[in-house]
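One structure is given below, encoded as structure tokens.
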Amino acid sequence: MPDPIRILIVDDHAVVRKGLAMVLRLEPDLDIVGEAENGQAGLAAAQVLQPDIVLVDLVMPVMDGQEMALTLRKSNPLIKVMMLTGTEVDDRVFDLIAAGIEGYVLKQIEPGELVRAIRAVVRGEAYLHPDVMKRVVGRIKPQKTPSVSLTPRELEVLEWMATPNTYKQMALQLSVSEETIRSHAKNILEKMKQPNRAQAVLSAMRMGLIKLAE
């Protein structure tokens, strides 16, 4: 049996931290290893605890979530980061995606979906909450960007990558193995010269290769 996923929760509201911890502890493969009340304390805790993933509130005193996430990305890139916010999506999300931050969800996300998102990010899959993706896409300005040569199957997989589905779920929908989906995704990232799923999807939308489903 694999080791449980080690999670650090960073949020300035104790009730949010405790609520998240209570929900996530119901899952046998998730382990809450610590909590912190701001970004500065979160960085210190991450250094000591070495979690697999950190859930970070975007708006906090002392040091906000953006600064913490970007600092952690530079100091310890092996630790995955998921931004957790109740605010409207603003330009900071573009900076976070560009920096390679793996996940961005709204606080009103359903518990089950949050659990799936955590597991996906730890597996190496970027995750943007559907509402976040829609708001981000609404701010994308089409650019005259050179397109890339993708096969029909790669385009199909790329469209699925713009949904919250995991690679396993995509494989079931397309009646192929998860390894096949991962192989297609790897080829897509290489052809598009993008570091992760989220950036590939945003780049594809700028190029007009795909559109976000209504």
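Tabulated values for the structure
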item: Test: residue in segment 185-205 that is of a type in the set (D, E, K, R), closer than 21 Å to residue 118 by Cα, in a helix (DSSP H, G or I) and open to solvent by less than 70 Å² (accessible area, probe 1.4 Å); result: yes
item: Verdict on residue 65 being crowded, with 20+ Cβ neighbours inside 10 Å, under 13 Å from the mean Cα position of the chain (by Cα) and at pLDDT below 90; result: no
item: Segment 50-62: number of residues that are open to solvent by 50 Å² or more (accessible area, probe 1.4 Å) and either in contact with a strand residue (DSSP E or B) (Cβ under 8 Å, 6 or more places away or on another chain) or under 18 Å from residue 107 (Cβ atoms) (or both); result: 4
item: Filter result for the condition that a residue is modelled with pLDDT of 90 or more and open to solvent by 10 Å² or more (accessible area, probe 1.4 Å), over 176, 157, 148; result: 176
item: Residues satisfying the stated conditions in segment 1-36, i.e. β-branched (Val, Ile, Thr) and open to solvent by less than 60 Å² (accessible area, probe 1.4 Å); result: 5, 7, 9, 10, 16, 23, 32, 33
item: Conditions (1) of a type outside the set (A, V, I, L, M); (2) in contact (Cβ under 8 Å) with a residue 12 or more places away in the chain; (3) over 18 Å from residue 127 (Cα atoms); number of the one not met by residue 19; result: (2)
item: Flag for residue 39 being at pLDDT below 95, open to solvent by less than 50 Å² (accessible area, probe 1.4 Å) and touching an Asp or Glu at 6+ places or on another chain (Cβ under 9 Å); result: yes
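The values are calculated or read from the model by the stated rules, or taken from the named source; none is laboratory data. Note that the coordinates shown come from a computational prediction; the quantities given were computed from them, not determined experimentally. We place every Cβ from the backbone using ideal geometry, glycine too, and count neighbours over all the protein chains shown. For the accessible areas, the whole protein counts, side chains as well, though only heavy atoms, and no ligand, DNA or RNA atoms are used. Shrake-Rupley method; radii C 1.70, N 1.55, O 1.52, S 1.80 Å.
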